[in-house]
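Colleague: Got a structure for you, written out below as structure tokens; questions coming shortly.
The values are calculated or read from the model by the stated rules, or taken from the named source; none is laboratory data. Given the structure is predicted, the values throughout are model-derived calculations rather than measurements. Heads up, the Cβs are rebuilt from the backbone with ideal geometry, glycines too, and the neighbour counts pull from every protein chain shown.
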Amino acid sequence: MSDIQRTSGFGPGQPAICFDRLQCAEGGQPLVMVHGAGHTGSCYLQTPDGREGWAQYFARRGYDVYVIDWPGTGRSGRMDPAALTGNAVAAGIGAFLKTLDGPAVLLTHSMSGAYGWKTLEQNPDRISAIVGIAASGPGNIEPVPPVLERGDGYVVVRRGQFDRRVDLTVARRFDDVIVEKKLIGEDSTRFPREALAAYRASLTETPPRLAYERSNIDGSQLRIENFDAMAGTPILLVTAEADPDHTRESDGAIVDWFVEQGLEAELCYLPDKGISGNGHMMMLERNSDDIAALLADWIEGRIYK
């Protein structure tokens, strides 16, 4: 098994993005991994039960892997959490991509889906393909949720199967209900539940404006304006069967809408590939390597065809 060379550093911009770079050999296809809400890049570096993460899998497969933290979060440069917007995150990702030797595959998860679409629109020459894991859609297609309550500095909305309180100035951690019912999923059979305490300890806060935009409150989610810029870049949305907020129907609707806009998009519903029992955090589940292999096969079939 090849030894992995791992280095860390900071990209350009203010605040600067912190990254880990993993590679086994020079000259591999760049792959940039972007975490979702309440997480950092650590979700790609190790599973809660101590196994190697997707970053190591792809490095051993020959990729030049970069695992980043959103600007203003994790180990990246600090800024006022209330001032961190989706546009700022997308701009930070774009600036980081421009430091790489060539176009990268961009892999996003959950809330970062919207940042990936925007980054592709703004930097089409720096992205060779996008893989969205249970990825949020752009604001063009995301429903505006009903507001159940507005108070001094917060709003409560109904999104999917859950009622969610979004603070407008204070970053919040996920409560136990969201962790167990959304992130893990009551019907997931693949999450290492014996490692639940380790997983909880890895979670962090979600900046308030990003949470507000993710719920598309008042139509605030990032929108795509120039679909022509995205044309020709392969897009894959990956959906598991035990993710309550990302069903075959909901994620399939995003793919169908992308195709209607002239984009090269497709849905990978894991049970159709013989992979069952997964939830929202599929990169942390016991069969994570099986899913990574499926993703790598798709990437290589698109960019090396």
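Colleague: Test of understanding: among F174, F191, which residue is assigned to a loop (DSSP other than H, G, I, E, B), of a type in the set (A, V, I, L, M, F, W, C) and in contact with a strand residue (DSSP E or B) (Cβ under 8 Å, 6 or more places away or on another chain)?
Modeller: F174
Colleague: Taking D64, is it within 22 Å of G94 (Cα to Cα) and charged (D, E, K, R)?
Modeller: Criteria met by D64.
Colleague: Restricting the range 34-51 to residues that are more than 16 Å from E285 (Cβ to Cβ) and not in a loop (DSSP other than H, G, I, E, B), which is farthest from the chain's Cα centre (by Cα)?
Modeller: So the residue we want is G41.
Colleague: Could I ask something else about it? Can you find even one residue in the range 112-121 that is more than 20 Å from L263 (Cα to Cα) and either aromatic (F, W, Y) or under 14 Å from the mean Cα position of the chain (by Cα) (or both)?
Modeller: No, that holds for no residue.
Colleague: Which condition breaks for G262 when tested against (1) under 20 Å from D228 (Cα atoms); (2) touching a helix residue (DSSP H, G or I) at 6+ places or on another chain (Cβ under 7 Å); (3) part of a helix (DSSP H, G or I); (4) not hydrophobic (A, V, I, L, M, F, W, C)?
Modeller: Only one criterion in (1) under 20 Å from D228 (Cα atoms); (2) touching a helix residue (DSSP H, G or I) at 6+ places or on another chain (Cβ under 7 Å); (3) part of a helix (DSSP H, G or I); (4) not hydrophobic (A, V, I, L, M, F, W, C) is unmet by G262, namely (3).
Colleague: Of the residues T40, T47, which is modelled with pLDDT of 95 or more and over 24 Å from A129 (Cα atoms)?
Modeller: That would be T47, the only listed residue that is modelled with pLDDT of 95 or more and over 24 Å from A129 (Cα atoms).
Colleague: Okay, moving on. Those residues that are closer than 20 Å to P15 by Cβ, among the aliphatic types (A, V, I, L, M) and buried (at least 19 other Cβ atoms within 10 Å of the Cβ), I need them from the range 62-94; list them, please.
Modeller: V67, I68, L84, A88, V89, A90, I93
Colleague: Can you tell me which condition K181 does not meet? The list is (1) assigned to a strand (DSSP E or B); (2) surrounded by 15 or more Cβ atoms within 10 Å (Cβ to Cβ), and all the others hold.
Modeller: The failed condition is (1).
Colleague: Could we say that D163 is in contact with a Leu (Cβ under 7 Å, 6 or more places away or on another chain), acidic (D, E), over 19 Å from E264 (Cα atoms) and in contact (Cβ under 8 Å) with a residue 12 or more places away in the chain here?
Modeller: In short, yes.
Colleague: Would you pick out the residues in the range 142-171 that are crowded, with 17+ Cβ neighbours inside 10 Å, of a type outside the set (D, E) and either touching a Lys or Arg at 6+ places or on another chain (Cβ under 7 Å) or in a loop (DSSP other than H, G, I, E, B) (or both)?
Modeller: P145, V157, A171
Colleague: Run down Y154, Y199 and say which single residue is free of Cβ contacts under 8 Å to residues at least 40 places away in the same chain and hydroxyl-bearing (S, T, Y).
Modeller: Being free of Cβ contacts under 8 Å to residues at least 40 places away in the same chain and hydroxyl-bearing (S, T, Y) holds for just one of Y154, Y199, which is Y154.
Colleague: Can you name every residue in the range 22-43 that is of a type outside the set (D, E) and more than 30 Å from V179 (Cβ to Cβ)?
Modeller: Q23, C24, A25, G27, G28, Q29, P30
Colleague: Checking the condition in contact with a strand residue (DSSP E or B) (Cβ under 6 Å, 6 or more places away or on another chain) and either surrounded by fewer than 14 Cβ atoms within 10 Å (Cβ to Cβ) or of a type in the set (F, W, Y) (or both), which residue from Y199, Y304, Y212 passes?
Modeller: Y212
Colleague: Go through (1) crowded, with 21+ Cβ neighbours inside 10 Å; (2) without any contact (Cβ under 8 Å) to a residue 40 or more places away in the chain and name the single condition P271 misses.
Modeller: Going through the list (1) crowded, with 21+ Cβ neighbours inside 10 Å; (2) without any contact (Cβ under 8 Å) to a residue 40 or more places away in the chain, P271 breaks only (1).
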